[in-house]
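In what follows, a structure is listed as structure tokens, so that the remarks can point back to it.
The values are calculated or read from the model by the stated rules, or taken from the named source; none is laboratory data. As the structure is a computational prediction, the values presented were derived from the model and not from experiment. Ideal geometry is used to build each Cβ from the backbone, glycine not excepted, and the neighbour counts take in all protein chains shown.
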Amino acid sequence: MTKGFVSGVVSNMVTLAVDGPVLQGEICYIQTGGDRLMAEVIKIIGKDVYVQVFESTRGLKVGSEAEFTGHMLEIQLGPGMLSKNYDGLQNDLDKMEGVFLKRGVYTEPLDCERLWDFTPTAKPGDVVQESDWLGNVEENHQPLKIMVPFQLKGKATVKSIVPAGQYKIHDVIAVLTDEKGNEVNVDMVQHWPVKFAMTNYAEKPRPFKLMETGVRTIDTFNPIVEGGTGFIPGPFGTGKTVLQHAISKQAEADIVIMAACGERANEVVEIFSEFPELIDPHTGRKLMERTIIVANTSNMPVAAREASVYTAMTMAEYYRSMGLRVLLMADSTSRWAQALREMSNRMEELPGPDAFPMDLGALISNFYGRAGYVKLRNGQVGSVTFLGTVSPAGGNLKEPVTENTKKVARCFYALEQDRADKKRYPAVNPIESYSKYLEYPEFADYMANRINDEWIPKVMKLKTRMQRGKEIYEQINILGDDGVPVDYHVTYWKSEVIDYVILQQDAFDAVDSVTPMNRQEEILNLVTEICDKDDYQFDNFLDVTDYFKKLINLCKQMNYSTFESDQYYEFKKQVQEML
Amino acid sequence: MDEVMATAFQKVYTKISQITKATCSLKAKGVGYDELALINGKLAQVVKISGEDVTLQVFEGTSGIPTNAEVVFMGKSPSLKVSEQLAGRFFNAYGQPIDGGPAIEGKEVEIGGPSVNPVRRKQPSELIATGIAGIDLNNSLVSGQKIPFFADPDQPFNEVMALVALRAKADKIILGGMGMTNDDYYFFKNTFSEAGALDRIIAFMNTTEDPAVERLLIPDMALAAAEYFAVEKNETVLVLLTDMTSYADSLSIVSNRMDQIPSKDSMPGSLYSDLAKIYEKAVQFPESVGGGSITIIAVTTLSGGDITHAVPDNTGYITEGQLYLRRDTDTGKVIVDPFRSLSRLKQLVAGKKTRKDHAQVMNAAIRLYADAANAKTKLENGFDLTDYDNRCLKFAYDYADKLLAIDVNLNTVEMLDVTWSLLRKYFKLEEVNIKKELTDEYWGEA
């Protein structure tokens, strides 16, 4: 293997003089004072190779030796990843000793000794190709597939496959004969370079299936679909993380992967401590069983932060190849972009807008492009739904990360300072935000089947009412309460009903935090009834305010009550009486 | 510096090839990244190595350094000697005593050490009671949290911070002063001394009289001391950092001298990571590793209240909330602004370590206070106020006077009771939008 020697150091960018061929993106290990520091090649000029080190370079000296590995940054994929806590380079954080993260310590991502119940589904003589399913292993009640190695070229024939039984991940479970007649041993572990998208599917049609999140402002107003993409920009303090956590707890997905990319450690700790206790509302099992955390918090080395989103995406694609529905959340993609900026700056590249690298837009769109709803070659379907948060500098949405993300993500959930200040949570602005999926005819058909064909027209009507309500609010602010006709107040208060009853939701209340679709349908119908009623009789605007405040209070009490409980019907009756 | 001189026995270099305002470059061999050096007795640190060319950042500035200055590399990065002897002492940015006392004996630790493994942290869950309702009621602080005051330079943030530090039941209070005026330095010293808390205080001071670049060492020094007491002595440590904007300004000076391409507001592109490394030292350890904690309360001064500037903006994304002070024009008192202030960890204690009505009562009061702000706008625009508007305004006055003002000192139960009494006084039950279950219990006979 190629060797190199350190010839320069600036922060975590190190220059190496090498003696042989080097891959762009290759991984090498630099020796320093007994530690082995992992690094990735980012630029090559003649004999000078620039690498970004995934650790602190403190004490590193000129002349230190580096050893290349011959492969790019890749991760191991196999049974045993669910409910694990990894860092951005897939080190198992729980296996690390001590309170502090020691430099140069790398841990095995998978458990090599654990026995798994394997059931073959392929048989000798079957002709297979890369990613085809050979058998099943169950992990945390998820039916995982053991697949033909992703790197296999062309077709191969199954020569032998082990009978059902207990095996370790590195046991040979099948032997294949490839086109050239070579034997290929297959175990349960796949390797994949994280920066390459997996394209092991037959086609990637437009996504159309609603992915229920239990968050009304999303499901009812701007739905996201299985295999869809969305992003949540917002200034600090507007509730990005609370919203993301709510979605990850409640979403109708088989696997949830959370990439904590350059964010607060305590937020990750919140997931560590709460998810093992919380119950998945769709299956009744522990949430942690379906969750993988990739944590590269803001104080962890910056180069590994960039790697963390790719690591998480690669894991998601792996499960998608098994026909599972995966939800991937990255908080925050801005931190990833900043990691790119720091490195670009150290390499003294000419900067693009706001000192970000010029190819930022291309990187973002390639990354979002890896999500999607796919048809596998065996006719099954799988999906990776991706939701990223963006932390725009100064809360200004006209900055490169937000603008480039807006070009590729199909759902936009704009968190707004003004709403957050008024404690109208989730602070998703109902007028600025959008879901392109509402315009997909495939989605309309799906919703017509799942709920009814009135659903989307009703939602669109309420959206228009919100818009109208905002216009009137501005007029009232200019002209005064007496300066506008009483029915303007009625229209304004109808939009407030939509806001308070559908859009606002208490993420910390046991009942209100999750609203299943059947309940959302009831709420939508009730709010539509209130809004469509046009024979309200009021003498003056004060009566309007009093009436609607009372109505909103009752509807909110309904939201806080257990669905279809006596209390719920009691409040509902009172609402009906007011109408 | 004599002590470090004596231990340095490496080769002496005497040919400096380049001097800028903050850095010196020379040819040297066997130098480690981040290593310290002495240039004619002035402390410097390696910031760039390229072959034999080594660039050093000189903390005191380079004025007076000749091209033939003696350069000695010390073979170690900045460090601090830690032991119980730190308690009650005042130090400069290098960790040397400035109070006339003896040098500290103890274990030498590198400052700016590694991060805590996130899986070894515990979710913060202990309320830090300050008696200030604007904090305890609306933005409860939790041990292991990191939170700054976003303040204009003329606001009494140092006074409030000293008050919070003394009321919080911390085993140690570590003060990191960056670009602090001499007057403020004496204010802290006197306040803590009068409160009889001097033996719990450790201070690392860089005043406006000291070189600006030196203050880059202050947070790491303060936090190295904090980690010693939290990890090895299992203590509850409160770290006060004031003012982090001065720290960031020094970062930008150094990056500018090193010809780095500046990003927003002439700050270095790595500002987010640089600040995060400091603030993320805040931690709550589980009982299994002793249960110590580090809580950081910092100050970020704003220029003209602009929070979109790179320093407060990046800080806001790192810290667990932020506190704003404001002078309430009606009552004339300084209050903790309920709109813009936020403690992200409050839900970990609100209703759990405090009474169950905490969260809903807090939100209801703030919502009504927002309605009062709207009413005020209406009034200013010359519109007639409704009865509800007038009630909101009266409520807002009492709310600011009896709860938000920083001179209030109540426990959380009293704060909730006062809020209920104000809600009852000015509003109807259906106007407060609180869960029936709670109004049944606390609204009482109106």
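Do we have any residue at all in segment B:170-190 that's away from chain A (no Cβ under 14 Å), part of a loop (DSSP other than H, G, I, E, B) and under 26 Å from A:Val269 (Cα atoms)? Scanning segment B:170-190 turns up at least one residue that is away from chain A (no Cβ under 14 Å), part of a loop (DSSP other than H, G, I, E, B) and under 26 Å from A:Val269 (Cα atoms).
Taking each residue of segment B:351-378 that is at positive phi and within 8 Å of chain A (Cβ to nearest Cβ) and looking for partners that are hydrophobic (A, V, I, L, M, F, W, C) and assigned to a helix (DSSP H, G or I) with beta-carbon atoms closer than 9 Å, six or more apart or interchain, yields nothing. Restricted to strands (runs of 3 or more DSSP E) entirely inside segment A:193-305, those with at least 3 residues that are in contact with a Ser or Thr (Cβ under 7 Å, 6 or more places away or on another chain) and within 30 Å of A:Phe150 (Cα to Cα) are A:255-261, A:291-296.
Of the residues A:Pro235, A:Pro207, A:Pro193, the single one that is within 24 Å of A:Arg377 (Cα to Cα), touching a residue at least 40 places away in the same chain (Cβ under 8 Å) and buried (at least 23 other Cβ atoms within 10 Å of the Cβ) is A:Pro207. When the criteria are applied in full, B:Leu410 meets the requirement of being surrounded by fewer than 20 Cβ atoms within 10 Å (Cβ to Cβ) and more than 9 Å from chain A (Cβ to nearest Cβ). Across segment B:229-240, which residue is surrounded by the fewest Cβ atoms within 10 Å (Cβ to Cβ) among those that are within 14 Å of another protein chain (Cβ to nearest Cβ) and among the aliphatic types (A, V, I, L, M)? It comes out as B:Val231.
Restricted to segment A:52-69, and to residues there that are away from chain B (no Cβ under 12 Å) and at pLDDT below 95, the residue that is surrounded by the fewest Cβ atoms within 10 Å (Cβ to Cβ) is A:Gln52.
Output the residues belonging to segment B:119-162 that are within 14 Å of chain A (Cβ to nearest Cβ), within 16 Å of the chain's Cα centre (by Cα) and either among the aliphatic types (A, V, I, L, M) or surrounded by fewer than 23 Cβ atoms within 10 Å (Cβ to Cβ) (or both). Of everything in segment B:119-162, those that are within 14 Å of chain A (Cβ to nearest Cβ), within 16 Å of the chain's Cα centre (by Cα) and either among the aliphatic types (A, V, I, L, M) or surrounded by fewer than 23 Cβ atoms within 10 Å (Cβ to Cβ) (or both) turn out to be B:Leu141, B:Val142, B:Ile147.
Within segment B:321-340, the set of residues being surrounded by 24 or more Cβ atoms within 10 Å (Cβ to Cβ) and within 10 Å of chain A (Cβ to nearest Cβ) comprises B:Gln322, B:Pro338. If you check A:Arg36, A:Arg114 for being closer than 27 Å to A:Val269 by Cβ, of a type in the set (Lys, Arg) and away from chain B (no Cβ under 13 Å), only one passes: A:Arg114. Of the residues making up segment A:205-246, those that are closer than 30 Å to B:Pro312 by Cβ and touching a Lys or Arg at 6+ places or on another chain (Cβ under 7 Å) are A:Gly230, A:Ile232, A:Gly234. From the list B:Thr439, B:Thr419, exactly one residue is among the polar types (S, T, N, Q), in contact (Cβ under 8 Å) with a residue 12 or more places away in the chain and either within 30 Å of A:Tyr568 (Cα to Cα) or buried (at least 20 other Cβ atoms within 10 Å of the Cβ) (or both). Which is it? Just a single option satisfies the conditions, and that option is B:Thr419.
Total residues in segment A:70-104 satisfying the condition of being closer than 23 Å to A:Lys286 by Cα, part of a loop (DSSP other than H, G, I, E, B) and within 14 Å of chain B (Cβ to nearest Cβ): the figure is 3.
Inspect all residues belonging to segment A:165-183 and state whether any of them is touching a residue at least 40 places away in the same chain (Cβ under 8 Å), exposed (fewer than 13 other Cβ atoms within 10 Å of the Cβ) and among the acidic types (Asp, Glu). Scanning segment A:165-183 turns up no residue that is touching a residue at least 40 places away in the same chain (Cβ under 8 Å), exposed (fewer than 13 other Cβ atoms within 10 Å of the Cβ) and among the acidic types (Asp, Glu). Considering segment A:11-30, and only residues there that are closer than 20 Å to B:Glu110 by Cβ and modelled with pLDDT under 95, the residue that is surrounded by the fewest Cβ atoms within 10 Å (Cβ to Cβ) turns out to be A:Ser11.
Among the residues of segment A:278-293, those that are of a type outside the set (Lys, Arg), at negative phi and more than 11 Å from every other protein chain (Cβ to nearest Cβ) comprise A:Leu278, A:Ile279, A:Asp280, A:Pro281, A:His282, A:Thr283, A:Leu287, A:Met288, A:Glu289, A:Thr291, A:Ile292. Of the strands (runs of 3 or more DSSP E) lying entirely inside segment B:41-112, those carrying at least 3 residues that are more than 21 Å from B:Ala203 (Cα to Cα) are B:42-50, B:53-58, B:71-73. Between B:Ala212, B:Ala282, B:Ala310, the distinction of being assigned by TED's automatic domain parsing to the domain that holds B:Asp183 and over 25 Å from A:Arg335 (Cβ atoms) belongs to B:Ala212 only. Within segment B:254-265, none of the residues are modelled with pLDDT of 95 or more and either within 13 Å of chain A (Cβ to nearest Cβ) or farther than 28 Å from B:Ile104 by Cβ (or both).
Within segment B:206-228, the set of residues being part of a strand (DSSP E or B) and surrounded by fewer than 24 Cβ atoms within 10 Å (Cβ to Cβ) comprises B:Thr207 only.
Screening A:Lys494, A:Lys423, A:Lys470 for residues that are touching a helix residue (DSSP H, G or I) at 6+ places or on another chain (Cβ under 9 Å), farther than 22 Å from A:Thr229 by Cα and not assigned by TED's automatic domain parsing to the domain that holds A:Tyr547 leaves exactly one candidate, A:Lys423. Scanning segment B:379-416 for residues that are assigned to a helix (DSSP H, G or I), farther than 22 Å from B:Ala359 by Cβ and touching a residue at least 60 places away in the same chain (Cβ under 8 Å) yields a total of 2. Summed over segment B:286-320, the residues that are at the interface with another protein chain (Cβ under 8 Å from one of its Cβ atoms), over 15 Å from A:Pro235 (Cβ atoms) and not in a loop (DSSP other than H, G, I, E, B) give a count of 1. B:Val283: at the interface with chain A (Cβ under 10 Å from one of its Cβ atoms), buried (at least 23 other Cβ atoms within 10 Å of the Cβ) and more than 30 Å from B:Thr55 (Cβ to Cβ), yes or no? Spelling it out, B:Val283 is indeed at the interface with chain A (Cβ under 10 Å from one of its Cβ atoms), buried (at least 23 other Cβ atoms within 10 Å of the Cβ) and more than 30 Å from B:Thr55 (Cβ to Cβ). Only one of the numbered conditions (1) surrounded by 15 or more Cβ atoms within 10 Å (Cβ to Cβ); (2) more than 28 Å from A:Ile478 (Cβ to Cβ) is violated by B:Asp389, and that is (2). Of the residues making up segment A:76-122, those that are among the aliphatic types (A, V, I, L, M) and touching a residue at least 60 places away in the same chain (Cβ under 8 Å) are A:Leu77, A:Met81, A:Leu82, A:Leu89, A:Leu93, A:Leu101, A:Leu110. The residues of segment A:333-372 that are buried (at least 23 other Cβ atoms within 10 Å of the Cβ), of a type in the set (Phe, Trp, Tyr) and not in a loop (DSSP other than H, G, I, E, B) amount to a single one, A:Trp336.
Every listed requirement among (1) within 11 Å of chain B (Cβ to nearest Cβ); (2) within 20 Å of the chain's Cα centre (by Cα); (3) among the hydroxyl-bearing types (Ser, Thr, Tyr) is met by A:Ser344 save one, (2).
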